[in-house]
1. Once phi is turned into θ = phi - 60°, what whole-Hz ³J(HN,Hα) does the Karplus curve with 6.51, -1.76 and 1.60 give for every residue of the stretch 127-140, x standing for Gly and Pro?
2. Among THR52, THR71, THR29, which comes first, second and so on when ranked by fewest other beta-carbon atoms within 10 Å?
3. With a 10 Å Cβ neighbour count serving as the proxy for reagent exposure, in which order, fewest first, do VAL92, VAL51, VAL28 appear?
4. Give the average over all directions of the projected area of the C-alpha convex hull of the stretch 36-167, one decimal, in nm².
5. Once you list every other residue whose beta carbon is under 10 Å from the beta carbon of SER96, what net charge do they have if Lys and Arg are +1 and Asp and Glu are -1?
6. Based only on other Cβ atoms within 10 Å, what is the fewest-to-most ordering of GLU17, GLU147?
Amino acid sequence: MTIMNNHNVDHLTTLLEEAQDEYFGEAVTQLEHALQCAHLAREAGADEEMVTAALLHDIGHLIAEGGEIGTPDHDRAGAAYLSQLGFGQRVVQLVSGHVEAKRYLTATNPDYYDRLSEASKQTLAQQGGPMSQAEAEAFEADPLFVEKLRLRSWDERAKMPGWTGDGLSYYRPILERHLGHNVRPESSRLPSVISFKRLLGR
Ligand SMILES: [Fe+2]
């Protein structure tokens, strides 16, 4: 565990702590949503990389300036950010794929759209809408296809008002272990949110 990794974990947990007032149109705060999603992953027996992806899957909402329902491209923004911090590619791809999974499921399951929250329905249109058949077939060929769908199922269930469970302190050692295993010295310097927005061309 390097000082830089420690700093990066501090930063991520601070971003999540600050999200205890952010709802983005949902029934729970972004912090509650992240904790519930990670808890559901653990309950399902997921490994630490999947638990990490579940906890951080919406981090893109917290590093960009979104509207009342958040940032439509938060999946890509979050994945790029986590990659820069030094998380492994499986975590990055799972985070990147959680919106693709929604687009896939709305294209292949007629009942799925109706079960989405109102905020999720609104962002779907901005995210490209349901996948075309060719996009769906390509997504099914993704080696992380099943895992992306599993993460999506926890994401949708992680909207339970009044839920109490483990707080961020439970996940800190997991984040530390994961960053420690995937450190990339040349790129692990934490980009400021401002410089990251510049990187995204915002
Ligand atoms: Fe989410």
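1. 9, x, x, x, 5, 6, 4, 5, 5, 5, 5, 5, 5, 5
2. Working: THR52 27, THR71 22, THR29 17.
Ascending number of Cβ neighbours within 10 Å: THR29, THR71, THR52.
3. Working: VAL92 21, VAL51 24, VAL28 18.
If I rank by nearby Cβ atoms, fewest first, I get VAL28, VAL92, VAL51.
4. Working: hull surface 33.0 nm².
Dividing the Cα hull surface by four gives the mean projection, 8.2 nm².
5. Details: positive: ARG76, LYS148; negative: ASP75, GLU100.
So the environment of SER96 carries a net charge of 0.
6. On the way: GLU17 11, GLU147 20.
In increasing order of surrounding Cβ atoms, one gets GLU17, GLU147.
Read-outs: derived from the displayed coordinates by stated rules, not from any lab. Small disclaimer: the values here were computed from a predicted structure and weren't measured. Positions of Cβ are backbone-derived with ideal geometry, glycine not excepted, and every protein chain shown enters the neighbour counts.
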